[in-house]
Amino acid sequence: MSCTLLLAPLLCAAAPSTLRVRLEQCASRGHAGLPSVLLLAEDDKGPAGSCAIAALRVCADGFVDAASSARPFLSALYVEPRCRRRGVGQRLVSEAEIVARGWGFGSLCLHVHERNTAGMRLYEKLGFATVEDGSA
């Protein structure tokens, strides 16, 4: 199974104004005491999507490595089918960028499976670029 590590510099991005995104602090600190949060998007009909962001110490192959510098990782991005192609994913990623910037980071990372072509298109549209391409 092959995954790609994507990285994006943190930029300000416009987001749909009809969507509400709230941040839920995780009950405990994330990996090695580093911060982590869950972002929940809602519209007038209820849940619209979600994603997680956590600061992690990982090495290039994606495994936990206590000696590595912490980097913020976006994960578990999900958009309800009725809300897809309406800017919800873009808004969640934008909010994740704000969180990462608030933690003092200058970039946001994620891993995406090579077969997730819709995800790859979204991430590339939002400024992510391939940093590493390897197998996991």
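Rule-based calculations on the coordinates, nothing more; no lab input. This is a predicted model, so every value here is computed, not measured. Neighbour counts are summed over all protein chains in view; Cβ atoms, including those assigned to glycine, are modelled from backbone coordinates with ideal geometry.
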How would you rank 100-106, 121-127, 88-94, highest first, on the average number of other Cβ atoms within 10 Å across their residues? 88-94, 121-127, 100-106
I need the calculated FRET efficiency for the pair R84 and L34, taking r as the beta carbon distance and R₀ as 22 Å, to the nearest 0.05. 0.10
